[in-house]
Every structure is written in structure tokens, then in C-alpha cells.
Amino acid sequence: MIELKKETERVILVGVCLPGQEDIDASLEELSELAKTAGAVTVGKVVQSRDQVHPGTYVGKGKIDEIKSLLWELDATGIICDDELSPAQMKNLQDELDAKVMDRTLVILDIFAARASTSEGKIQVELAQLKYRQTRLAGFGTAMSRLGGGIGTRGPGEKKLEMDRRLIKNRIALLNRELRSVKQHREVTREKRAKSRIPVAAIVGYTNAGKSTLLNALTGADILAEDKLFATLDPTTRSLKLPSGQEILLTDTVGFIRKLPHHLIDAFKSTLEEAKYADMILHVVDVSNPQADEQMFTVYETLQGLKVQDKPIITVFNKQDRLEGIPVIRDFKADYTVSISAKTKAGLGDLLETIEALLRQQKVYIEEVYPYSEAGKIQLIRKYGELLEENYTEEGIQVTAYVPADIYPQIVVNR
């Protein structure tokens, strides 16, 4: 049996800087991290300033000639463009360069394919890949008819390299049915949570902001937390008991990134919508990242696209251990802000107090004396509310507490 030697891909990053765009260097730096995560090495970068992206070849003729020379000089195996290419752009670039052509979307999809571990995650990733490839069958050309390795070959490409549009369409229909079944199961789970009246906090943030590390630090969840982009994909929900004794559920979500492919947003909608049905949002921000402001903007833009609105937000400024002094970053969209280090667990006490303060705003404050004949109502307070004080007197049980508004009618003293 002949074993194929897997070689590291050497890629040149290609970006187009449009008028008013100032973050092209940061975008390419992030693309370099994506390429590294996918298993490639960046050996060069090319940027062209244009009024608009070339509709046929992404960059102009002069830059194509420059890239062609660089491919030879740097012994590169292909290029990665910083935007999603149209089928025509991909095909034309492949014809011009006679090299492997990839775009940001393809790299992100490849990373997701490598990281998905649950059946739901695998279905979502394959669905996104197939929708991406469906419009690019002609663009892949001979690349889809030969065995190979590297970025863009994981997932369904390994199963059927010769997939035509009809087979892809049938496969997409099947995956959509499976995904609907998974979505129904997720909705049933959400309904059960709603009936339990246990508050839910969704942890959102830019990829690699420290969401999984925070969940581990608060709940001991022991989920994978690496200093990599998209280290974890599959949502994890864990229970957390606050200092007051009240229980809440924390749900980790997939990380956001600039230019997040719409194929992925569509496929992962049921997962991302965990934030939509949560009682509050914990927005984790990596304050040590120079692009923290832009990353916050991307998160809010994505949440808006998912119609996640009117939710109380606690912005958690994470990775304080990497800074000297207080960060100058602010978040004016947040209801509360807390500075922590999930890695060293510094500031977690302040975060828990802030969560409790926010929950209290959504509750009714009561001071009541319950006759001993109605002592059972105090169990409801313990289960769903926050029991601040409980004293036994001759008249009854004196209670000071915060309770959810929807159970308040059930605990009113009969007079």
C-alpha cells in the first residue's frame, strides 16, 4: 500500500484594500492565524488598493503577475484570498496562476470540519460546505477529480470527489431534514429549561476571547480550551450555583469572526440562537487584543443579524493577566462591565455578584411573614428566587427575598 506524504501547504495571503478600509493589515493577520489553524504556513502577503474588487479575478492583472512571480520565488503551493470569491473569480485565478486558490470562507469551513465532534456539529459543517461547493463545482475543476490533502479537502470532499449538482442537492435535502430534527430536540430542551424557571446566560464573543476558559473556571466543565481560533464548536451548557444559592445555566456558543461565512451562520443558526432565548448575554472580550474594539463591533453586528435584541448584557473584559494597568476599552452597549482573568480566576467574584445584581433587577423584592400553615411557599422561593433572610417567630416565618415576577402570585400570603 502506497502512503501519501502529507506536506505543509505554503500560502500567500491576498487582500484588497477598498476606500475607507483601514484594518486590512489586521484582517490579513487574522487570515494568517486561520491559515495556521488549518495547517498552512504563510510565506507572503500581497495587498492591492482598489476602488472595488475586480469582478473577474479579485485583483487586477498587474497583481496577478506579481503573485505568479511570488509563487515561484517563495515556493508557495497556493494563495488564500481575504474575501469570499465568486465561482468565476476562483476559476479565473486558478487558470491564471495554475496554483491552488482558496478564500477565507473555504479556510474557515475547513477548520470547522476538523473541529466538529458532535453529530449536530458535523451535520452543520457538512451542510455549509456543500452549499459553498454547490455553486463552485465548475470552479474546482480538476481539483475535485484527484486525490489530495490540505485545506479544503476535509469533510464531504473526501467522501465523493466527483459529486455533481444533483447528488449535492439530494445530500443537502437530507442534511436539512436531519438538522430540523436536531433543532426540534433543541427547542424541546429550551422549553424544559423555561418550565424549570432556571435563568440562562449565553456566553458569546469573538473566537479565542476565552469563552470556554470562562465556562471551565466558573463550572469546572473541563471542555477544550486552547489558544486557537475556533478551538471549540459544539455548544456546552453547564449549571452554576451563585453565592446566594440560586442556580443558573451557562451556555457556551461558537465564536464569532469578521466576515463569518453566511453558509455557516445559516447552518449554525439553531446553535447561535442559544443567545436569542437566553435571559442574559455574557459578552467575553479579549482586552489584550489590539483589535478588541473591532471584535466587539463584529459580535454586536452578528447578534443583530440573529435578531438577538433587548437582552441585558454583561461585557466581560477577559485576559487582564496579559495587561499592565487598567484597559482604556469601553463598551457603551453593555448594562454592566466586569474585568477578569478566566485563566487566573481573578475577578470571578465580581462577575458572580454582577450576575446576581442583574437577576435581581428582573425580580420582585418581598418582605413577608408566612404563617406556618403556608411554609410550603418558602420552598418555591428557595427553588426559583433568592432567599435573603429567614427568621422564625411566634407570628410565623419572616422572609426577605427576591422572586421572579411570574411566580409572585403563587407565594402571596392568604389573608
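The values are calculated or read from the model by the stated rules, or taken from the named source; none is laboratory data. Everything quoted here is computed from the prediction, not taken from an experiment. With ideal geometry, Cβ positions are generated from the backbone for all residues, glycine too; neighbour counts draw on all protein chains shown. All accessible areas refer to the heavy atoms of the entire protein, side chains included, with ligands and DNA or RNA removed. Shrake-Rupley method; radii C 1.70, N 1.55, O 1.52, S 1.80 Å.
Here are the numbers for this structure:
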{"read-out": "Cα-centre dipole for the chain with unit charges at Cβ (Lys and Arg positive, Asp and Glu negative), debye to 20", "value": "1740"}
{"read-out": "Shape call, segment 240-362: gyration tensor on alpha carbons, a/c limit 1.5", "value": "oblate"}
{"read-out": "Dipole magnitude of segment 323-415, debye to nearest 20 (Cβ charges: Lys/Arg +1, Asp/Glu -1, about Cα centre)", "value": "420"}
{"read-out": "Whichever lysines have a C-alpha closer than 22 Å to that of residue 269, once near sequence neighbours (fewer than 8 apart) are set aside", "value": "122, 131, 169, 183, 192, 211, 259, 307, 311"}
{"read-out": "Nearest 10 degrees, 0 to 90: helix 104-115 Cα axis against the chain principal axis", "value": "60"}
{"read-out": "Average Cα contact separation per residue, segment 18-137, under 8 Å, 6 or more apart, as relative contact order %", "value": "23"}
{"read-out": "Most mobile of 373, 32, 239 in a GNM of the chain (Cα contacts under 10 Å)", "value": "373"}
{"read-out": "Peptide ranges 55-63, 179-187 listed from the most packed, as the mean C-beta count within 10 angstrom indicates", "value": "55-63, 179-187"}
{"read-out": "Angle in degrees between helix 87-97 and the longest Cα principal axis of the chain, rounded to the nearest 10", "value": "40"}
{"read-out": "Segment 8-107: GluC sites (Glu not before Pro) falling in loop per DSSP and having at most 14 other Cβ within 10 Å", "value": "22"}
{"read-out": "Estimated distance in nm for a label pair at residue 328 and residue 25, the labels positioned 7 Å out from Cα along Cα-to-Cβ", "value": "1.7"}
{"read-out": "Accessible-area value, residue 23, 1.4 Å probe, nucleic acids and ligands omitted, Å²", "value": "50"}
{"read-out": "Mean Cα-pair separation over length for the chain, i.e. relative contact order, pairs under 8 Å, 6 or more apart, %", "value": "11"}
{"read-out": "Gain upon complete extension [residue 33, residue 266; 0.36 nm per residue less C-alpha separation]", "value": "81.5 nm"}
{"read-out": "Cα-based helix-to-principal-axis angle, 292-305 vs the chain, degrees rounded to 10", "value": "80"}
{"read-out": "Under 23 Å between alpha carbons - lysine pairs in segment 1-113 that sit 8 or more apart or on different chains", "value": "19"}
{"read-out": "Mean Cβ neighbour count within 10 Å, used as a protection proxy, ranking 259-265, 289-295, 279-285 highest first", "value": "279-285, 259-265, 289-295"}
{"read-out": "Within segment 287-327, trypsin sites (Lys or Arg not before Pro) in DSSP loop having at most 12 other beta-carbon neighbours inside 10 Å", "value": "307"}
{"read-out": "Förster radius 35 Å - calculated FRET efficiency between residue 288 and residue 174 (Cβ-Cβ, nearest 0.05)", "value": "0.20"}
{"read-out": "Of [x] 25; [y] 11; [z] 34, the label for percent of Cα pairs over 42 Å apart derived from the coordinates", "value": "[x]"}
{"read-out": "Helical contribution to [θ] at 222 nm, DSSP H n ≥ 4, -39,500 (n - 2.57), averaged over the chain, rounded to 500", "value": "-12000 deg cm²/dmol"}
{"read-out": "Euclidean distance of C-alpha centroids, segment 45-67 and segment 347-396, integer Å", "value": "64"}
{"read-out": "Within a Gaussian network of the chain (alpha carbon springs, distance under 10 Å), most fluctuating of 18, 127, 28", "value": "18"}
{"read-out": "Among 351, 380, 97, residue whose mean-square fluctuation peaks in a GNM of the chain (springs only between Cα atoms under 10 Å)", "value": "380"}
{"read-out": "Around residue 386: net Lys/Arg minus Asp/Glu count, Cβ-Cβ under 13 Å", "value": "+1"}
{"read-out": "Length released on extending from residue 307 to residue 350, taking residue separation times 0.36 nm less the Cα-Cα span", "value": "12.6 nm"}
{"read-out": "Segment 2-88: proportion of alpha-carbon pairs further apart than 17 angstrom, %", "value": "51"}
{"read-out": "Reference-scaled alpha-carbon Rg (2.2 N^0.38 Å with N residues) for segment 369-413", "value": "1.04"}
